[in-house]
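Below is one structure, written out as C-alpha cells; comments come after it.
Where a number appears in this text, it was derived from the coordinates with a stated rule and is not lab data. Bear in mind the structure is a predicted one, so any value in this text is a computation, not a measurement. Cβ: placed from backbone, ideal geometry, glycine included. Neighbour counts: every protein chain shown.
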Amino acid sequence: MRDITEKYGLNAGKLWNTLQKYGPLTETTLLKSTRLSEEDFYAAIGWLARENKIRKKGNKFELKDTNLTPTVGKNAGKVWNTLNNQCDVDISSISKISKIKQTDAYAALGWLAREDKIRLSKNKTKTQPEKFSLK
C-alpha cells in the first residue's frame, strides 16, 4: 500500500485537474468525475485547502484562494491534538474524540497529510479499520 501522504496528494491532484478542466463543480459532480470515495474526496479537499487552492462558493467548489481555513484548519488542530494524545486511532474515534463529523475529520487528515504530519498504521487484518497516528 502506498503512503497516505502520497495517496492523498494524488487524489488532490485528480480533484485539482477536474476543477481546472471544468471550472466550478458541485460535490456530487466532482465525486462522479473523479471517481473518488467520499473519504478520499474530503481528504483531497483538506489537502487543497492547506495549499490555499480551493474555495467553496455556495454548493460549488472552485480553484481560488481558499475560504476553508477557518473550518478545515481548525479541525486539523483538533485532529492533531487527538492523534497527539492517542496512538493508532481509527476515523470513527477521531471524529468522536475531536467532536467533528467524519467528513470533516477526513478533510483535516488531508490538511495534516499535506503537512506530512500523519501516517497510516498497518492493519493486522483487512477487516480492521484504518488507523492514523502522527509521524
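Relative protection proxy for 36-47, 19-30, 69-80, from highest mean packing down: 36-47, 69-80, 19-30 (other beta-carbon atoms within 10 angstrom). What nm distance separates the two modelled labels at Ser133 and Lys74, each placed 7 Å from Cα along Cα→Cβ? So the two model labels end up 3.1 nm from each other.
Sort Glu6, Glu130 by Cβ crowding within 10 Å, fewest neighbours at the top.
Numbers: Glu6 11, Glu130 16.
Placing the least packed residue first, the sequence is Glu6, Glu130.
With 24 Å as the limit, the listed pairs Lys56/Lys131; Lys32/Lys74; Lys96/Lys131 have Lys56/Lys131; Lys32/Lys74 beyond it between alpha carbons.
Helix 38-50 axis versus longest C-alpha principal axis of the chain: approximately 80°, rounded to the nearest ten.
When a/c is below 1.5 the answer is rounded, else prolate if a/b is larger than b/c, else oblate, so apply that to the chain with a ≥ b ≥ c taken from the square roots of the Cα gyration tensor eigenvalues. Provide the component values of the computation, followed by the final result.
Details: a/c = 1.97, a/b = 1.54, b/c = 1.28.
Taking the square roots of the gyration eigenvalues as a ≥ b ≥ c, the chain is prolate.
Straightening the chain between Cys87 and Thr29 buys 17.3 nm, computed as 0.36 nm per residue apart minus the Cα-Cα spacing. Each Lys and Arg adds +1 at its Cβ and each Asp and Glu adds -1 at its Cβ; summed about the Cα centre, the chain shows a dipole of about 100 debye.
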